[in-house]
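Reviewing the structure listed below.
Since every read-out is calculated from the coordinates, none of them should be taken as a lab result. Since the model is a prediction, treat every value here as computed from it, not as a measurement. Glycine also receives a Cβ, built like all others from the backbone with ideal geometry; neighbour counts cover every protein chain displayed.
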Amino acid sequence: MTTVAARAREFDVARVRADFPILRRQARGRPLVYLDNAATTQKPQVVIDALTHYYTDSNANVHRGVHELSEIASEAYEQARRTVAAFFGARDERTIVFTRNATESINLVAHAFGRSHVGAGDEVVISAMEHHSNIVPWQLLCEATKAQLRVVPMNDRGELLLDELEAILNDRTKIVSITHMSNALGTVNPVEEIVKIAHARGVPVLLDGSQAAYHMPVDVESLDCDFYVATGHKLYGPTGIGVLYAKAEHLESMPPFLGGGDMISSVTFERSTWNALPYKFEAGTPHIEGAIGLGVAIDYIQQVGLAQIGEHERDLLDYGTRALESIDGVRLIGTARRKASILSFVMDGIHPHDIGTIVDREGIAIRTGHHCAQPVMDRFGIPATARASLAMYNTRDDIDALVLALARVRELMG
């Protein structure tokens, strides 16, 4: 029999949806069906209220003032850091650096760690399913240092070939940087095993958690990864705020990424010295309200229950997979045995952009294109996919609406 405590934790999608005001609007004169969550999630009212409250009640710069508003803003900003650290299982809040997004976090590591550790003839390892943000920074690093970029391949299901990873690693490998979850395929990579394989060769690991962090628990200490990056706008928080977790020993040894105010301890015309962690990597006025909003978003996720969210999304993924596979001419791209939240597909004879345009007329928001993962499209021999991506507020009715809209696509384009 279900206990009172268990019932209290049951997932109520209608109640969750009521917390997201944008879901009450219409699109193209129809009720909005939002299935573009891998691009960005919608925001609960508590996050919107937190941003408004900051600007109406405590707007001031942080770390620099002795007046009351600055003290309130500074405490709220640092409380957000503590919230983020706890959410990602980081015991030391100094290991959490706020950035603009996951892209900047990866660039920070590629620049500050990469240029200190990667030289001519060295190698950087990524995978075949990476977002451009986890390809281009390493390409730039390799071009600047005359290092080589190595790529771990994947199979036809969209699963990494870990034996190939082991074969690629060698004494010249200086870092492995791999996505936790593919934004184009939904594949959830075996990151625990990847970290162990790399660490056995003494190679540090960066994990791109942009997609994973809002679907499943992440514990950076248990993973033992060297770096973990995430982005606030996919965690139901504001845009313009990102997270970098890094082991303290790396942050201590890395040079600053940006120079300016607040990242310094002292400045003369002869030399400057750097602030303590994590401020050494947070030059200039930060995105204060973004950090505060992210902290509130994480509190909201934890209140709903990440385990309950994951169970709900797994049900939706299973339901959506069966529904799309039942449609003649539809082929799913990305069928890994372990995946989450992503339904990427193509329709015979119909370009994904046409699919997206037609379903938009029905009030349904999906993403079409290469999803900033052109090498993935090349691997599967296609120019693009249509992608429906799920979040906590989606329902089976949303998927049914998509299926009906795809019938309309076939009617118009078939």
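Provide the per-residue ³J(HN,Hα) series for segment 246-261, in order, calculated from phi with Karplus coefficients 6.51, -1.76, 1.60 and θ = phi - 60°, each as a whole number of Hz, with x at glycine and proline positions.
Going residue by residue, I get 8, 4, 4, 5, 5, 4, 5, 8, 6, x, x, 8, 10, x, x, x Hz, with x marking Gly and Pro.
Under 8 Å for C-alpha pairs, at least 6 residues apart: give me the relative contact order for the chain, rounded to a whole percent.
Reported relative contact order: 23 percent.
Cα centroid distance between segment 254-310 and segment 117-142, in Å?
Value for the Cα centre distance between the two parts: 24 Å.
What residues have an amide H closer than 5 Å to that of D226, excluding those fewer than 5 places away on the same chain, when H is modeled at 1.01 Å from N in the peptide plane?
Under 5 Å from the amide H of D226 lie the amide H atoms of V205, each far enough along the sequence or on another chain.
Is the shape of segment 49-302 best called rounded, prolate or oblate, per the rule: a/c under 1.5 gives rounded, else a/b larger than b/c gives prolate, else oblate, with a ≥ b ≥ c the square roots of the Cα gyration tensor eigenvalues?
oblate
Name the lysines eligible as straight-distance cross-link partners of K196: C-alpha to C-alpha under 30 Å, and not fewer than 8 places from it in the same chain.
Candidates past the 8-residue exclusion: K146, K174, K234, K247, K280, K339.
How large is the charge dipole for segment 176-283, taken about the Cα centre, if only the Cβ atoms of Lys, Arg (+1) and Asp, Glu (-1) carry charge, to the nearest 20 debye?
The dipole of segment 176-283 has a size of about 200 debye.
Taking the mean number of other Cβ atoms within 10 Å as a proxy for protection, how do you rank 257-270, 16-29 from highest to lowest?
For the peptides 257-270, 16-29, the packing ranking is 16-29, 257-270.
How much net charge surrounds S272 when only the other residues with a Cβ under 14 Å from the Cβ of S272 are counted, with Lys and Arg +1 and Asp and Glu -1?
Values: positive: R271, K280; negative: D262, E270.
Here the charged neighbours net out to 0.
Could you tell me which trypsin sites (Lys or Arg not before Pro) in segment 185-264 are loop residues by DSSP with no more than 15 other beta carbons within 10 angstrom of their beta carbon?
Hits after loop and neighbour filter: R201.
For segment 343-401 and segment 35-89, what is the separation of their C-alpha centers, rounded to whole Å?
That distance is 33 Å.
To the nearest 20 debye, what is the magnitude of the charge dipole of segment 49-302 about its Cα centre, counting +1 on the Cβ of each Lys and Arg and -1 on the Cβ of each Asp and Glu?
Computed charge dipole of segment 49-302: roughly 520 debye.
Sorted by average packing, counted as other Cβ atoms within 10 angstrom per residue and highest first, what order do 148-155, 384-391 take?
Highest mean packing first, the order is 384-391, 148-155.
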